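The values are calculated or read from the model by the stated rules, or taken from the named source; none is laboratory data. Bear in mind the structure is a predicted one, so any value in this text is a computation, not a measurement. A quick note on method: Cβ atoms are made from the backbone with ideal geometry, for glycine too, and the neighbour counts reach across all protein chains shown. Remember, those area values only see protein heavy atoms, side chains included, never the ligands or the DNA or RNA. Shrake-Rupley method; radii C 1.70, N 1.55, O 1.52, S 1.80 Å.
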Amino acid sequence: MIYEGKAITVKALESGIVELNFDLKGESVNKFNRLTLSDLRQAVDAIKSDASVKGVIVSSGKDVFIVGADITEFVDNFKLPDEELVAGNLEANKIFSDFEDLGVPTVAAINGIALGGGFEMCLAADYRVMSSAAKVGLPEVKLGIYPGFGGTVRLPRLIGVDNAVEWIASGKENRAEDALKVRAVDAVVAPEQLQAAALDLIKRAISGELDYKAKRQPKLDKLKLNAIEQMMAFETAKGFVAGQAGPNYPAPVEAIKTIQKAANFGRDRAIEVEAAGFVKLAKTSVAQSLVGLFLSDQELKKKAKAYDKQARDVKLAAVLGAGIMGGGIAYQSAVKGTPILMKDIREEGIQMGLNEASKLLGKRVEKGRLTPAKMAEALNAIRPTMSYGDFGHVDIVVEAVVENPKIKQSVLAEVEGLVREDAIIASNTSTISISLLAQALKRPENFCGMHFFNPVHMMPLVEVIRGEKTSETAIATTVAYAKKMGKSPVVVNDCPGFLVNRVLFPYFGGFARLVSAGVDFVRVDKVMEKFGWPMGPAYLMDVVGMDTGHHGRDVMAEGFPDRMKDDRRTAVDALYDANRLGQKNGKGFYSYEMDKKGKPAKVVDPSVQEILAPVVYEQREVTDEDIINFMMIPLCLETVRCLEDKIVETAAEADMGLIYGIGFPPFRGGALRYIDSIGVAEFVALADKYADLGPLYHPTAKLREMAANGQRFYG
């Protein structure tokens, strides 16, 4: 053994060839943390000082190669002073460069996922041979940063600026055939042939058949583009990527700027340019939010995994109520491998559900994500029915009928009598109390909420709602089924609107106040979209449906009359009474016309102002900042209340629920992280400025206490 550490070993294979093997003890994956970097430093030094070494194969002892840097270390690292962070980055880079500069050929044998720092390790090798099952990429932009271990330097010199920009700015994972196509890797082989292929490659380099020094040289030199070629490549790329990423995500464009700045330098000076830009991005609020979001997502997955032991396996599911929502649920279950019965009382409902599932499957086939054979298999896994014939065999039933407590209770009681005693029944209600619905059941312990968001195939969140009598087995089984469907479940306690809608309706309440103060809803939409929401509140209400919004608002007003009841008529009332229901009937705040792709496109309709005139009670001058505060303060305060009322257990679950459920701007990290970014004391002071707008704007006593004590929701 040439070197043995806790993350890396170096051992002799044959004829002077050694294997540098990543196998981080106590972890299921390899990652670059302080320990791994320390081991790599010592391993490289050990190889360098051993004159008998003729070639190095880099391999992994796990199913993955290296998943990247240890993101849990980012939070503390990013708080370091700039100079310290730059120095630490350059110290780590020196290890990669020293490995690259070894006086012998090197081959990376990529057996599984190699992302971020993991792929940068591969780039530092002379040759890369890749398993056909592996994936490689540089996803750092998804965390608000860019590659920091030489990725912006080596990749463009290996595969060209255009390809490197596409890989780095998109942050996508690339399959083996795509990596080979752009020459990011030198060979792709079947998984079982990887070791033999790596050995063959290193032997050919040792024998001189392959010139490893010539292969290495371009990575050490400046980019081979003249001034005009550079200008054309970089300026075009910056314009295109800026348009794609938008103004709130600076990392993709900063990565291009860094490649451009370093284009005329050799490797070592180019890496210094990369390090300076990396630190600049690491200090942004966007990076802090996106890193926090990643860690919150990990926490969410860990919490969901904790239910696995108590969960029953769902081999057959059922959905009650077809239509768009039922069809979406059936599609999601079937495409992820769980057969499902889809029941409706009307033939047209069944047809609508099947059409929805077929349409979604067809789109996957068009995009090459599904073969026609797999589409047929998924369609066959959806069994439409108008009777309860096979319901005796199902493990879970998802009720998705009309949002009316009496109808739901009737349907739930009916199905309970026809399923096995241990079958779980879940309601896809968006606002109605689970404990209230459970009153109709003989086995309330087997009942919970399972709230999907529309469109089901797009929205990652599922709220799993615990009623007063819901058992842990019911929760665990529903969480496991949601995960099996490819969703991110958040377990919440019962209350009107649960987590997401309870928080969303105060946001709509802020919007109603703006319209009643004479503010143009089109302006409000533009301001909130610029703030980072995927759509403004008027457009969102049209997508949700005015009838759904009207009903939800009434449920919330009944549940929280002290702050959510509004005795005056609002914009939603006016449009609902005018039968302007939104996209579902082609007219709401906006009118809708089909675009070339057959999707509803919004058009400003001047007649709406006349309909809204009776619900405008004053003319108030407001700034764009006021618009943001009118809407964000009540949303944030309601999220605080949900945490205080233990509707959710943690700040991470609250924030992830909003990001996954209603598209809260990810770069702002969620409502509670948004408060932290302003400062709790500063947020309380800001809310107090709008206190005259009513109780939705009044901070809780506990939040005031947090402000006085200098506390935060995170850290």
For this session: Just give me a number: lysine pairs in the range 325-429, eight or more positions apart or cross-chain, with C-alpha atoms less than 26 Å apart.
Result: 12
Problem set entry | Cross-link partners of residue 526 among lysines (Cα-Cα below 18 Å; sequence separation of 8 or more within a chain) | 602
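Is the C-alpha gyration tensor of the range 158-228 telling us rounded, prolate or oblate? Criteria: a/c under 1.5 is rounded; beyond that, a/b larger than b/c is prolate, otherwise oblate. Spell out each step's value before the answer.
Numbers: a/c = 3.58, a/b = 1.28, b/c = 2.79.
The shape class here is oblate.
What is the projected area of the convex hull of the Cα atoms of the range 581-715, averaged over all directions, in nm²? Provide the component values of the computation, followed by the final result.
Details: hull surface 44.4 nm².
Approximately 11.1 nm², given one-decimal rounding.
Leaving out ligands, DNA and RNA, and with a 1.4 Å probe, what % of the accessible surface on the chain is carbon or sulfur?
Working: 15870 of 30090 Å².
Roughly 53 percent of what the probe reaches on the chain is carbon or sulfur.
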Exercise. When only alpha-carbon atoms count, how far does the range 235-337 stretch along each of its three principal axes, as whole angstroms with the largest first?
Worked result: 62, 33, 25
Exercise. For the range 188-245, what number results from the quotient of the Cα radius of gyration and 2.2 N^0.38 Å?
Worked result: 1.83
Seminar exercise, completed: In the range 367-478, taking the dipole from +1 charges on Lys and Arg beta carbons and -1 charges on Asp and Glu beta carbons about the Cα centre, the listed residue (450, 371, 424) farthest towards the positive end is 371
For this session: Tell me the label-point distance for the pair residue 610, residue 301, using the 7 Å Cα-to-Cβ offset, in nm and rounded to one decimal.
Result: 5.6
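Could you sort 698, 451 by their accessible area in this structure, using a 1.4 Å probe and putting the largest first? Let's see the in-between values first.
Values: 698 75, 451 10 Å².
From most exposed to least exposed: 698, 451.
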Problem set entry | Calculated from backbone phi, Karplus (6.51, -1.76, 1.60) coupling profile of the range 339-348 in Hz, x at Gly/Pro | x, 8, 8, 10, 10, 8, 8, 10, 4, 5
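Could you work out Rg/(2.2 N^0.38 Å) for the range 32-74, with Rg from alpha carbons only?
Numbers: Rg = 12.8 Å, N = 43, 2.2 N^0.38 = 9.2 Å.
It is 1.40.
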For this session: Return the FRET efficiency for the residue pair residue 393, residue 367: r is the Cβ-Cβ distance, R0 is 45 Å, and the value is rounded to the nearest 0.05.
Result: 0.85
Exercise. Just one of (1) 83, 62, 54; (2) 91, 55, 52; (3) 90, 59, 47 is Cα extents along the principal axes in Å calculated from these coordinates, so which is it?
Worked result: (1)
Problem set entry | Extension gain (nm, one decimal) between residue 82 and residue 240, 0.36 nm per residue minus Cα-Cα | 53.9 nm
Exercise. By a straight-distance test (C-alpha under 22 Å), which lysines pair with residue 646 as possible cross-link partners, with residues fewer than eight away in the same chain excluded?
Worked result: 301, 302, 303, 305, 469, 702
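Compute the normalised compactness of the range 88-240: alpha-carbon radius of gyration over 2.2 N^0.38 Å, N being the residue count. Write out the running numbers ahead of the final one.
Numbers: Rg = 15.4 Å, N = 153, 2.2 N^0.38 = 14.9 Å.
Rounded to two decimals, the normalised Rg is 1.04.
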Seminar exercise, completed: The answer for trypsin sites (Lys or Arg not before Pro) in the range 508-581 that fall in a DSSP coil and have at most 13 neighbouring Cβ atoms within 10 Å is 568
For this session: At 37 °C and 0.692 mPa s, grab the translational diffusion coefficient of the range 520-647 from Stokes-Einstein with a Kirkwood Rh over Cα pairs, rounded to a whole number in µm² per second.
Result: 205
Seminar exercise, completed: Expected field for residue 183, accessible surface area in Å² at 1.4 Å probe radius, rounded to 10, holds 120
For this session: With both partners inside the range 458-591, how many of the DSSP beta bridges are antiparallel, as a percent to the nearest 5?
Result: 25
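With a probe of 1.4 Å, find how much accessible area the range 179-317 has per residue, and write the answer as a whole number in Å². Could you put the intermediate results ahead of the total?
Details: 7390 Å² over 139 residues.
Ligands and nucleic acids excluded, the result is 53 Å² per residue.
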Exercise. Which of the trypsin sites (Lys or Arg not before Pro) found in the range 216-308 are loop residues per DSSP with 12 or fewer other Cβ atoms within 10 Å of their Cβ?
Worked result: 224
Exercise. Quick one: Karplus J couplings for the range 681-693, per residue in order, coefficients 6.51, -1.76, 1.60, θ = phi - 60°, nearest Hz, x for Gly and Pro?
Worked result: 4, 5, 5, 4, 5, 5, 4, 4, 5, 10, 4, 5, 7
Exercise. For the range 376-425, what is the convex hull volume of its Cα atoms per residue in Å³?
Worked result: 96
Exercise. Which ³J(HN,Hα) values, rounded to whole Hz and listed in residue order, are derived for the range 582-590 from phi using the Karplus coefficients 6.51, -1.76 and 1.60 in 6.51 cos²θ - 1.76 cosθ + 1.60 with θ = phi - 60°, glycine and proline given as x?
Worked result: x, 4, 5, 10, x, 7, x, 4, 10
For this session: List the residues whose amide H sits under 5 Å from the amide H of residue 383, counting only those 5 or more places along or on another chain, with H placed 1.01 Å from N in the peptide plane.
Result: 340, 341, 342
Exercise. So which trypsin sites (Lys or Arg not before Pro) in the range 1-98 end up in coil per DSSP with only 15 or fewer other C-beta atoms within 10 Å?
Worked result: 6, 25, 79
Exercise. Between residue 12 and residue 404, what is the spin-label point distance in nm, taking each point 7 Å from the Cα along the Cα→C-beta axis?
Worked result: 8.3
Problem set entry | Label-point separation in nm, residue 162 to residue 285, each point 7 Å along Cα→Cβ | 3.9
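Quick check: residue separation of residue 526 and residue 689 times 0.36 nm, minus the Cα distance between them. What number comes out in nm?
Working: separation 163, 0.36 × 163 = 58.68 nm, distance 2.36 nm.
Going from the current span to full extension adds 56.3 nm.
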Exercise. How much length, in nm to one decimal, is gained on full extension between residue 204 and residue 101, taken as 0.36 nm per residue of separation minus their Cα-Cα distance?
Worked result: 35.2 nm
Seminar exercise, completed: In degrees rounded to 10, the 0-90 angle between helix 161-170 Cα long axis and the longest Cα principal axis of the chain is 40
Exercise. Out of every Cα pair in the range 283-415, what percent are spaced more than 25 Å from each other?
Worked result: 42
Exercise. On a 0 to 90 degree scale, rounded to 10, what angle separates helix 34-48 from the longest Cα axis of the chain?
Worked result: 20
For this session: Please name which of 197, 230, 207 has its Cα lying farthest along the dipole of the range 188-236 towards the positive end, using unit charges on Cβ (Lys, Arg +1; Asp, Glu -1) and the Cα centre as origin.
Result: 207
Exercise. Tell me, what is the 1.4 Å probe accessible area of residue 32, in Å² to the nearest 10?
Worked result: 10
Seminar exercise, completed: Helix 521-531: inclination vs the chain longest Cα principal axis, degrees, rounded to 10, gives 30
Problem set entry | Alpha carbon centroid spacing (whole Å) that separates the range 525-576 from the range 73-135 | 49
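Over the range 344-393, with the other protein chains present, what is the accessible area per residue in square angstrom, probe 1.4 angstrom? Intermediate results must be reported in sequence, preceding the final value.
Details: 3160 Å² over 50 residues.
Using a 1.4 Å probe on heavy atoms only, each residue of the range 344-393 averages 63 Å².
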For this session: Could you state the accessible area per residue of the range 609-673 in Å², with a 1.4 Å probe and every protein chain left in place?
Result: 35
Exercise. Which lysines have a Cα lying under 21 Å from the Cα of residue 213, excluding residues fewer than 8 positions away in the same chain?
Worked result: 48, 54, 94, 203, 222, 224
Seminar exercise, completed: Long-range amide H partners of residue 33, meaning residues 5 or more apart or on another chain whose placed amide H is closer than 5 Å, are 70
